[in-house]
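What follows is a set of notes on a single structure, which appears directly below.
The values are calculated or read from the model by the stated rules, or taken from the named source; none is laboratory data. This structure is a prediction, so every number in the text was calculated from the model and none was measured. Because the Cβ atoms are built from the backbone with ideal geometry, glycine has one as well, and the counts that use them run over all protein chains shown. Note: areas computed on protein heavy atoms with side chains; ligands, DNA, RNA excluded. Shrake-Rupley method; radii C 1.70, N 1.55, O 1.52, S 1.80 Å.
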Amino acid sequence: MAKIGLMGGTFDPIHNGHLFLAKQALTEFGLDRVLFIPNHIPWMKSGRKITDDQERVDMVLAAIADEPRFEISYIEMNAGGNSYTCNTVQQLHKEHPEHEYFFIMGADSLFSIEKWYHPEIIFEHVCLLVAVRDDCDLHALNDKKVDLEEKYQAKIYLMHMDKVDISSTWIREHIMQPDEVADKLPGNVYKIIQERQLYIN
Ligand code: ATP
Ligand code: MG
């Protein structure tokens, strides 16, 4: 049996916030590895054009190349269509019932998870590891945790880490300012963005 972290996201682009979260989860919860699972179609972000799968995969691969305990999973890209976390965790559990799965997320995701497709199936199959984010109020976050634990018998842990003020949206919007974005994502990811002229206009 292994303890496996699941880091789901659009990764458009992957950034240091995602990587800090995954590292914190590894060390604080003694995980064996973390799977980065890029969405195919993030149906909750339907208003914006999402960068092609291959570009997002290449950026994830570049970002995780130096950490052997980080892996990519193509489970959602291979499934095609809308990406539903409930399907992903069910499939992983079916393929490897011996493993224990921990879904890693930021506070914004915990606040919206009841709008996701079948949240009860997600809570049935994984523990959640949650990081603070933005100006999220700690009391509100704790209330949400307790509320979900009672309603769904969910297992939720808040990670002990400082807030990391980085988002893909901000990076996309400031991509023409190298001095601003350079310390927010790995150098090899920024290189891919520049070479392929992603996020321009
Ligand atoms: P976007 O701005 O496009 O929504 P994002 O930076 O939020 O991008 P996502 O791919 O949407 O990145 O996030 C995947 C997961 O990582 C989500 O659960 C999100 O809450 C979490 N996450 C991303 N960045 C951070 C951060 N800086 N701190 C805490 N959690 C984060
Ligand atoms: Mg997001």
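Regarding ILE50, is this residue open to solvent by less than 40 Å² (accessible area, probe 1.4 Å), touching a residue at least 24 places away in the same chain (Cβ under 8 Å), assigned to a loop (DSSP other than H, G, I, E, B) and among the hydrophobic types (A, V, I, L, M, F, W, C)? Spelling it out, ILE50 is indeed open to solvent by less than 40 Å² (accessible area, probe 1.4 Å), touching a residue at least 24 places away in the same chain (Cβ under 8 Å), assigned to a loop (DSSP other than H, G, I, E, B) and among the hydrophobic types (A, V, I, L, M, F, W, C).
Considering each residue of the range 11-21 in turn, none proves to be of a type outside the set (Gly, Ala, Ser) and away from ligand 1 (no atom under 11 Å from the Cβ). Scanning the range 76-89 turns up no residue that is closer than 23 Å to HIS160 by Cα and among the β-branched types (Val, Ile, Thr).
Selection of the range 36-84 for residues being over 19 Å from ILE193 (Cα atoms) and among the basic types (Lys, Arg) yields LYS45, ARG69.
Filtered by the rule that a residue be modelled with pLDDT of 95 or more and more than 15 Å from ligand 2 (Cβ to nearest atom), the range 1-18 gives ALA2, LYS3, ILE4, GLY5, LEU6. Could you please give the count of residues in the range 106-140 that are away from ligand 2 (no atom under 14 Å from the Cβ), of a type in the set (Phe, Trp, Tyr) and assigned to a helix (DSSP H, G or I)? The qualifying residues number 1. Annotation for the range 11-25: no member residue is β-branched (Val, Ile, Thr) and surrounded by fewer than 22 Cβ atoms within 10 Å (Cβ to Cβ).
Residue count for the range 1-10 satisfying the condition of being surrounded by fewer than 22 Cβ atoms within 10 Å (Cβ to Cβ) and more than 8 Å from ligand 1 (Cβ to nearest atom): 4.
Give the residue that is farthest from GLN90 (Cα to Cα), with candidates limited to residues of the range 124-140 that are in contact with an Asp or Glu (Cβ under 9 Å, 6 or more places away or on another chain) and surrounded by 14 or more Cβ atoms within 10 Å (Cβ to Cβ). Across the range 124-140, the extreme among qualifying residues is CYS136.
Residues that are open to solvent by 10 Å² or more (accessible area, probe 1.4 Å) and either at pLDDT below 95 or in contact with a Lys or Arg (Cβ under 9 Å, 6 or more places away or on another chain) (or both) were ranked within the range 32-45; the one that is nearest to GLU67 (Cα to Cα) is ARG33.
Within the range 78-94, the set of residues being of a type outside the set (A, V, I, L, M) and either assigned to a helix (DSSP H, G or I) or under 16 Å from PRO119 (Cα atoms) (or both) comprises ASN78, ASN82, SER83, TYR84, THR85, CYS86, ASN87, THR88, GLN90, GLN91, HIS93, LYS94. Restricting the range 141-178 to residues that are within 17 Å of PHE11 (Cα to Cα) and part of a helix (DSSP H, G or I), the residue that is least open to solvent (accessible area, probe 1.4 Å) is ILE171.
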